[in-house]
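So the structure is just underneath, and the comments pick up after that.
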Amino acid sequence: MARFAYRIAALLAAGPFFVALAAQVAAPRLTPIGAANPKPPLAFHQYAVDLRQVPPRPVIQAHFDFTNVGKAPVNVTRLVPSCGCINPQLRNGKQLYQPGERGRFYVTMQTANEPPGPHAYTVTVQYEDSEPREEIVEFRLALPEVKVSVEPSEIHFYQLSGEDAEQTIYVTDRRGEKFHVLTAECSLEPIKVEVLPVEKSPEGRERTPIRVHVPGDYATGRHRG
């Protein structure tokens, strides 16, 4: 009887040891920090650009900035758009970026044949350091209803040389209807405006140029009209 009691006491004394051993075996194993997946060498400052509602323009442009945060040079090999209506281009065509170097690429969109409303596109950035890699960024915007546009909406003249200056404003009807600009006037004298013959825009639409002429002897100072 005494021997049986001794065995029970020994088992009770060893109990905490076996419980601790079982807990250690059953506990989830933590992944060492060094074994975690490494960060990609090309880090974008923004992975999504949302321009929201844009003005009625034939061309819309956005940009994406990135930095080579790796330890080796990065070569950007391709920018693959999700739609042919957007055209991504690296700034100055630069493809190779050293560690710590920043870069940028632009996304240009021709709006002529795109319907109004929200649009979302992606650009797949393919690049290489020690191996081929890629990152995907998103470009979103909302196009307004098509209408008559006047571009640019503002023009500025800086006459430092005392010579005549001219700039051109373009009026385009995006509704697909025929219309004519009859006259154009300027509230400032003696600035002259002239309606020129209708021409074709780069996107193939008819537009009316309006030439604005400022004489070189115009009064000094700031004027708005």
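Among the GluC sites (Glu not before Pro) in region 147-186, those located in a DSSP loop and surrounded by at most 10 other Cβ atoms within 10 Å of their own Cβ are GLU154, GLU163, GLU177, GLU185.
Projected label points at GLU101 and GLU128, each 7 Å from Cα along the beta carbon direction, are separated by 1.6 nanometres. Computed in the context of the full set of protein chains, the accessible area of region 137-220 at 1.4 Å probe radius has 50% of its extent on carbon or sulfur.
If R0 is 30 Å, the Cβ-Cβ spacing of THR108 and VAL198 corresponds to a FRET efficiency of close to 0.70. Taking 7 Å steps out from each Cα toward its Cβ at ARG211 and GLN61 produces label points 2.7 nm apart. A Förster distance of 22 Å, applied to the separation of the beta-carbon atoms of ARG91 and GLN46, puts the FRET efficiency at 0.90. The HN-Hα couplings worked out from phi for region 153-165 by the Karplus form 6.51 cos²θ - 1.76 cosθ + 1.60 (θ = phi - 60°) are 6, 9, 10, 10, 10, 10, 9, 8, 9, x, 9, 4, 9 Hz, whole numbers, x standing for Gly and Pro.
In this calculation the C-beta distance from ILE155 to THR220 is compared with R0 = 25 Å, giving a FRET efficiency of 0.85.
The values are calculated or read from the model by the stated rules, or taken from the named source; none is laboratory data. Just so it is clear, the structure is predicted and the values come from calculations on it, not from any experiment. Note: ideal-geometry Cβ built from the backbone for every residue, glycine included; neighbour counts use all protein chains shown. Note: accessible area is taken over every heavy atom of the protein model, side chains too, but ligands, DNA and RNA are not part of it. Shrake-Rupley method; radii C 1.70, N 1.55, O 1.52, S 1.80 Å.
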